[in-house]
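J.: Dropping a structure here in structure tokens format, bear with me for questions.
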Amino acid sequence: VSSVSLIGQSQPIPQGQALPRRFVQRSPNTPISQLLRANDKDIDLVDNRDLPMPMRDEHRQLLPVLTRSADLIAIIELANIDSALTPDRTWVMSTATGRIVETLKAPQEMTSRFPVGASIQFDWEGGVVTLDGHGVHARVAGVRDIRPGTRYLAFATVLDGGALLVAPSTIYEVSPASMRSMLDSAQADDIASDTVASVKRRIATIAKEKQR
């Protein structure tokens, strides 16, 4: 019989019974299988890395910086998220696929590659996998999970081959009226505190200014 501490009290766990979900800190050089215990049903594997602070302009705004630096700005809808262990089996990476709902900025040479309805793909840190019968939910501390069926505003770099590069600080979850940063600890910025319609208008204005 083992025990688990719940609200300061040690409670006996019958042999073979699964423990409640356990939080485990990622060890970059340790395979995930070595972090599991026999009684684990599910674990939350958390990477406590330092996240880079988003760049702001002289007016403390994010939107102008993100708009000018992105190759592609689009509202996308995710369809699938496929997660797998990394080759060294110490972490989980996900590949998100979906489609473009609306293109807000794309270089002229890329316009034909990213029309409405075009397929998109990008990699994302973390995800959910099953390992030796145990559920593993891997995530970077302070970053929200991406979800299938959800729409996002992505400020992306276009890689060779057409895949996108996005970071937690360059993608926002879209609701009917507003947007939410994928960074848990982020304070309301000039994107998340604005309406969807206003953000789209501002992106169009900034993108035109850059083309002049």
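J.: Keeping all protein chains in place, calculate the accessible area per residue for the range 136-186 (probe 1.4 angstrom), answer in Å².
T.: Each residue of the range 136-186 exposes 42 Å² on average to a 1.4 Å probe.
J.: Which sequence of 175, 198, 193 reflects their accessible areas, 1.4 Å probe, from the largest down?
T.: Of 175, 198, 193, the descending order of accessible area is 193, 175, 198.
J.: Oh, and also: Which residues' amide hydrogens lie under 5 Å from the amide hydrogen of residue 140, considering only partners 5 or more residues apart or on another chain, with H built in the peptide plane?
T.: Counting only residues 5 or more places away or on other chains, the set is 47.
J.: Checking the cross-link filter: which lysines have an alpha carbon closer than 18 Å to that of residue 208, excluding same-chain neighbours under 8 positions apart?
T.: 105, 200
J.: With a 1.4 Å probe and all protein chains left in place, how much of the accessible area of the range 123-212 comes from carbon and sulfur atoms, in whole percent?
T.: Result for the range 123-212: 49 percent of the exposed heavy-atom area is carbon or sulfur.
J.: Return the FRET efficiency for the residue pair residue 82, residue 141: r is the Cβ-Cβ distance, R0 is 22 Å, and the value is rounded to the nearest 0.05.
T.: Calculated transfer efficiency: 0.45.
The values are calculated or read from the model by the stated rules, or taken from the named source; none is laboratory data. Since the model is a prediction, treat every value here as computed from it, not as a measurement. No Cβ is skipped: glycine too gets one built from the backbone with ideal geometry, and neighbour counts run over all protein chains shown. Just so you know, the surface numbers come from the protein's heavy atoms only, side chains and all, with ligands and any DNA or RNA stripped out. Shrake-Rupley method; radii C 1.70, N 1.55, O 1.52, S 1.80 Å.
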